[in-house]
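The values are calculated or read from the model by the stated rules, or taken from the named source; none is laboratory data. These numbers come from a predicted model, not from an experiment. Quick reminder, even Gly has a Cβ in these numbers, built from the backbone with ideal geometry, and neighbours come from all protein chains shown. Calculation scope for accessible area: heavy atoms of the full protein, side chains included, ligands and nucleic acids excluded. Shrake-Rupley method; radii C 1.70, N 1.55, O 1.52, S 1.80 Å.
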Amino acid sequence: MTIETNEEHNIPKVYDPAAVEKKWYAYWEKNHYFHVEVDKNKEAFSIVIPPPNITGQLHMGHALDNTLQDILIRWHRMMGHNTLWMPGYDHAGLATQIKVEEVIKREEGKTRYDLGREEFLKRVWQWKNQYGDRIVNQLKCLGVSCDWERQRFTMDEGCSQAVREVFVSLYEKGLIYQGSRITNWCVNCNTALSDIEVEHADEAGHLWYIRYPVVGEEGTYLTIATTRPETMLGDTAVAVNPEDKRYGYLVGKTLKLPLTDRTIPIIADSYVDLKFGTGAVKITPAHDPNDFEMGMRHKLENIVVIGMDGKMTAEAGIYAGQERYECRKNIVKALEELGFLVKIEELTHAVGHCQRCHCVVEPLVSKQWFVKMEPLVKAAVDCVEDGRTQFVPERFTKSYTNWMDNIHDWCISRQIWWGHRIPVWYCDDCGEVIASRTDIDKCPKCGGHVHQDEDALDTWFSSALWPFSTMGWPEKTDLLKQFYPTSVLVTGYDIIFFWIARMLVMGMEFMKEIPFHKVFIHGLVRDSQGRKMSKSLGNGIDPLEVIDKYGADTLRFMLITGNTPGNDMRFYWERVDATRNFANKIWNASRFALMNLEGYDKDAKLAPYTLADKWILSRLQDTEKDVTDFLENFELGEAGRLLYEFIWGEFCDWYIELAKPRLYNKDNPTERATAQHVLCEVLGSAMKLLHPYMPFITEEIWQCLPHEGDSIMVSSWPKYQEDLVDQEAEDGMSAIMDATKAIRNMRAEVNAAPGRKAPAILLVDADLKEVLETNASYIKLLATVDKLTIENNNNNKPQNAMTTVVNGIEVYLPLKGLIDVEKESARLNKELETLSKEIKRIEGKLGNAGFLAKAPAEVVAKEKVKSGEIGQKMMAINERLEYLKTL
RNA sequence: GGAACUAUAGCUCAGACGGUUAGAGUACCACGUUGACAUCGUGGGGGUCACUGGUUCGAGUCCAGUUAGUUCCACCA
């Protein structure tokens, strides 16, 4: 194959991602590169996407999460594995319902109750059909390579069937039950919530001390302390600790409950803390979880005074109908007026808020469905503790197991319409309760009329099944056989309990197998001040904006590098700029290559590799190996950093510069072809290694370079070629690079005109002499040297020259008339100072018997070499200083 | 009340098994438009690795404690 390039070709100097990205994504999709069929002969690698909400817009968290997955997926695909990335989205029950309700309210002024269940659901489906794909399209802008042909939805037919199967099966096993319990109730969203949907926040509140008169003992009171005086209307007892000597004599007596005409008993219960408040607690079983428990123990009555709407009930007497906080004010006022209020203290305490609407959650008794967790968690904890499923980073294991060890039953019913309706029917005639996998229209027992439970399931119930429901469960599919357990699950630490834990539980229960081998946890993307990005703060940065301005490659690489797994990261535009510059650097390196590939013939006869060729090829192998190692350990940031350093710091800064003379010289076609060959080889491999991170620009470049195959994304991952590893070449090049840098450094010190060539003298050890002589042209080219003299270091030292010693090389720069004796002496003395500090440290080590005896021989030898080198340096500098004194 | 994480250059962050003269990007200073790139090149300044103790021949790296910050869990009215 021969490349024809036109000297005048107009590849733009600045990389423009917009056109490139659209073009290649369309190309990949058209060629079905994302799609995978089961291939039992290949090693399987699979990921199920954390399904984004249909209401959602792509945010930075998605961008990070999906980039991580895409890197792993693209890498494994290139490794030749049978690679599946299962995409899909989540119906997000409550969140979506609220969203659609808002829209309908705004546009039509109606509530969902106005529309009725059927019509409302029709609207949500419409909404889903209209906007559901929005986030998928946004994900595509990011370049992710999901198998879109397999896209799933938590409420599609298959997933819904899986939900039914799991629900009914658990019900039959007695692991799902219905009960009247005190649960978290959101008075705004009008539904029950699970414990983890309640967010606790410390709030400044008050502790009101109220005295309750003891019945039959005029003038005797028992003072209680409460943070919620409005609930006193529902008090059915006051409790003291049985050990509490202050109140012992009162236990068994009754109290007159102020503001009511009821009397309540004084009971003893060890739950009561003697040191808090007065040591006497009012008990309101209907409105406090602890009181509820105590009420059960002491068979107390539940008096509901706050309703589902957050307003006081008829039980609240004259307060009926008042909003709960308004009532609180009025109660306090009344107590004060009647002399029952003893004092008010300031108190900060944790108050639960609804995760969705942030209003204060009310503990209320209601009839709900629960999953009995305790029998289910063991398997899910065991598989993590014995390492079948591993968290990366490992530290998240602990928070997972801690949480699982203290698990509460999971309230799964929601008083909402959008979601999986609870598959339970009640017979209106015989009262039978039937959980069914299929819809029923009459009672199987008596044939009577049935009606279905009105409630829907917690969104996370269907998410919990995601790893297997998306692969066709409960059918025994080939997909499941090949891809379950999935290889890795990638998500943020914020949903470990909501999602990871539940998937482990359900996977172990229904597949009898872990859902994933690894859980790769990442942190949050925060703003530049470290704050969470949020709508209310207005500090969110739209990933699509970054993609528009800078390209997806830049966003992806920026999000992945510069932080470590599991840690939060801050978003800085400066870092976006820096990454954009990297993309542009790659672009221009490729532009350079293309401009110099004219006449390139893949099969041309090659000259022997030069030192630079051997060096860069060897470094490429090191990079391939290290990058692969890092990827295997989920150190994606480190792998990215390595690629950055290799491409910019070695390939661009040194190799390209050194290849220029051969590329420009058309009189020696064999050498030119060799340089072209190595240039293409290294650049091509570098693009492959970088492809998982920056899929678009690497495809664009790869397609321009000589290549085999139709796309870089289905090309093979570079192999570590041991025969190209050349330590000698690497050592030789580092000597040359060190000498070059030393010369540049000294020239800069005296402000020598950078463009003007000057002579230099190197005095070197015998073993370095040959490589330096052979490649003297490198130093001349890169250090702007015209006459380079290389001698053995036992020769006479050149006079009237600047000097420094690096890597066993004494570098002299004759600078006739340029040397400022004073300045040069100062510079050398400063260097001498650092060196003497260093040698003192090393000699201390070498003089330490313990070090010599216990440190590995290798380390000792290294220190000795170092000591020798420094000694040599110091000697040379001292000689030079002596000479300067004579001037 | 438990638990986790973080503390390294002005800023944002890397530093695997303890052994490099502790790194990068950015910012800053100086010089530079030689035919890939000024979204660039070359060079430079800048850190007692939060503090205290311990283990070790040797600690930014391991252990204990202290301080500061962040976060999660927890039914204390």
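Ligands, DNA and RNA aside, A:Cys327 has an accessible area near 0 Å² when probed at 1.4 Å. Across all directions, the average projected area of the convex hull around the alpha carbons of the stretch A:111-260 is 18.1 nm². In the structure displayed, which of A:Lys625/A:Lys845; A:Lys518/A:Lys549; A:Lys13/A:Lys688; A:Lys585/A:Lys741; A:Lys42/A:Lys614 lie more than 30 Å apart, Cα to Cα? Violating the 30 Å Cα-Cα cut-off are A:Lys625/A:Lys845; A:Lys518/A:Lys549; A:Lys42/A:Lys614. Each label was represented as a point 7 Å from its Cα along the Cα-to-Cβ direction; for A:Glu454 and A:Asp653 these points are 7.0 nm apart.
By definition, a body whose alpha carbon gyration tensor gives a ≥ b ≥ c is oblate when a/c is 1.5 or more and a/b is not larger than b/c, and the stretch A:43-194 fits this oblate description.
When the Cα positions of A:Ile47, A:Ala320, A:Trp717 are compared along the charge dipole of chain A, A:Ala320 comes out farthest toward the positive end, with charges on each C-beta of Lys, Arg, Asp and Glu.
Show me A:662-670, A:135-143, A:750-758, A:876-884 ranked by packing, highest mean number of other Cβ atoms within 10 Å first.
Numbers: A:662-670: 13.6, A:135-143: 19.8, A:750-758: 11.6, A:876-884: 16.0.
Going from most to least packed, we get A:135-143, A:876-884, A:662-670, A:750-758.
Of all DSSP beta bridges confined to chain A, the antiparallel ones make up roughly 70%. Extension gain, A:Lys854 to A:Arg526: 0.36 nm times the residue separation minus the Cα-Cα distance gives 113.4 nm. The solvent-accessible area of A:Cys411, taken with every protein chain present and a 1.4 Å probe, is close to 10 Å². Relative to its Kirkwood radius, the Cα radius of gyration of the stretch A:682-754 gives an Rg/Rh of 1.21.
Given R₀ = 41 Å, FRET efficiency for A:Glu149-A:Cys430 by Cβ-Cβ distance, to 0.05? Don't skip to the end; give the middle numbers.
Details: r = 48 Å, r/R0 = 1.17.
The computed FRET efficiency comes out at 0.30.
Projecting the Cα atoms of A:Ala26, A:Ile71, A:Leu115 onto the charge dipole of the stretch A:1-155, computed from C-beta unit charges around the Cα centre, puts A:Leu115 farthest toward the positive end. Ranked by solvent-accessible area (1.4 Å probe, protein heavy atoms only, all chains present), the residues A:His59, A:His677, A:His691 order from largest to smallest as A:His59, A:His677, A:His691. May I ask for the distance between the Cα centers of the stretch A:35-100 and the stretch A:649-717, given as a whole number of Å? Measuring centre to centre over Cα atoms gives 32 Å.
In this rough spin-label picture, where each label sits 7 Å from Cα along the Cβ direction, the A:Glu108-A:Asn792 distance is 9.8 nm. Per-residue 3J(HN,Hα) values for the stretch A:174-181, derived from phi via the Karplus relation 6.51 cos²θ - 1.76 cosθ + 1.60 with θ = phi - 60°, read x, 9, 10, 9, 10, x, 8, 9 Hz in sequence order (x marks Gly and Pro). Suppose R0 equals 60 Å. What FRET efficiency, 1/(1 + (r/R0)^6) with r the Cβ-Cβ distance, do A:Ser169 and A:Asp603 give to the nearest 0.05? That gives a FRET efficiency of 0.40.
Largest first, how would A:Arg502, A:Arg123 line up by accessible area (1.4 Å probe)?
On the way: A:Arg502 10, A:Arg123 55 Å².
Greatest to least solvent exposure: A:Arg123, A:Arg502.
Protein heavy-atom accessible surface, 1.4 Å probe, per residue over chain A: 45 Å².
Treating each Cα of the stretch A:251-291 as an identical point scatterer and summing with the Debye formula, the log10 of I(q)/I(0) at q = 0.20 Å⁻¹ comes to -0.74. Per-residue extension of 0.36 nm, minus the Cα-Cα distance of A:Ser825 and A:Tyr177, leaves a gain of 224.5 nm for this segment. Length, then width, then depth: along the principal axes, the Cα atoms of the stretch A:1-99 run 61, 41, 22 Å. Rounded if a/c is under 1.5, else prolate if a/b beats b/c, else oblate: with a ≥ b ≥ c from the C-alpha gyration tensor eigenvalues square-rooted, which is the stretch A:343-471? It comes out oblate by the Cα gyration axes.
Here, P(r) means the percent of Cα pairs in each 10 Å bin from 0 to the largest distance; for the stretch A:228-347 it is 13, 43, 36, 7, 0. From the square roots a ≥ b ≥ c of the eigenvalues of the alpha-carbon gyration tensor of the stretch A:592-750, which class results: rounded (a/c under 1.5), prolate (a/b over b/c), or oblate? Cα axes put the stretch A:592-750 in the oblate bin. Between A:Glu708 and A:Lys343, full extension at 0.36 nm per residue minus the direct alpha carbon distance yields a gain of 123.0 nm.
What is the ratio of the Cα radius of gyration of the stretch A:743-873 to 2.2 N^0.38 Å, where N is its residue count, to two decimals?
Details: Rg = 17.3 Å, N = 131, 2.2 N^0.38 = 14.0 Å.
My calculation over the Cα atoms of the stretch A:743-873 gives 1.23.
For the stretch A:477-561, the C-alpha radius of gyration divided by 2.2 N^0.38 Å, with N the number of residues, is 1.47.
Each 20 Å bin from zero up to the one holding the largest Cα-Cα distance in chain A carries the following percent of pairs: 12, 32, 28, 18, 10, 1.
Under a Cβ-only charge scheme (Lys and Arg +1, Asp and Glu -1), can you give me the dipole magnitude of chain A about the Cα centre, in debye to the nearest 20? Mind dumping the intermediate values first?
Working: 105 positive and 131 negative charges, 253 e Å.
That gives chain A a dipole magnitude of about 1220 debye.
Take every Cα-Cα pair in the stretch A:147-203 and report what % of them are more than 12 Å apart. More than 12 Å apart: 79 percent of the Cα pairs in the stretch A:147-203.
Heavy-atom surface analysis with a 1.4 Å probe gives chain A a carbon and sulfur content of 49 percent of its accessible area.
In the complete set of protein chains, residue-level accessible area for A:Val332 is approximately 20 Å², probe 1.4 angstrom. Note on A:Cys359 and A:Asp577: with the Förster distance fixed at 41 Å, the Cβ-Cβ geometry gives a FRET efficiency of about 0.50. Between the stretch A:445-499 and the stretch A:342-365, what's the alpha-carbon centroid distance in Å? One Cα centre to the other: 33 Å. Based on DSSP H segments of at least four residues, each scored -39500 (n - 2.57), chain A has a per-residue ellipticity at 222 nm of -13000 deg cm²/dmol.
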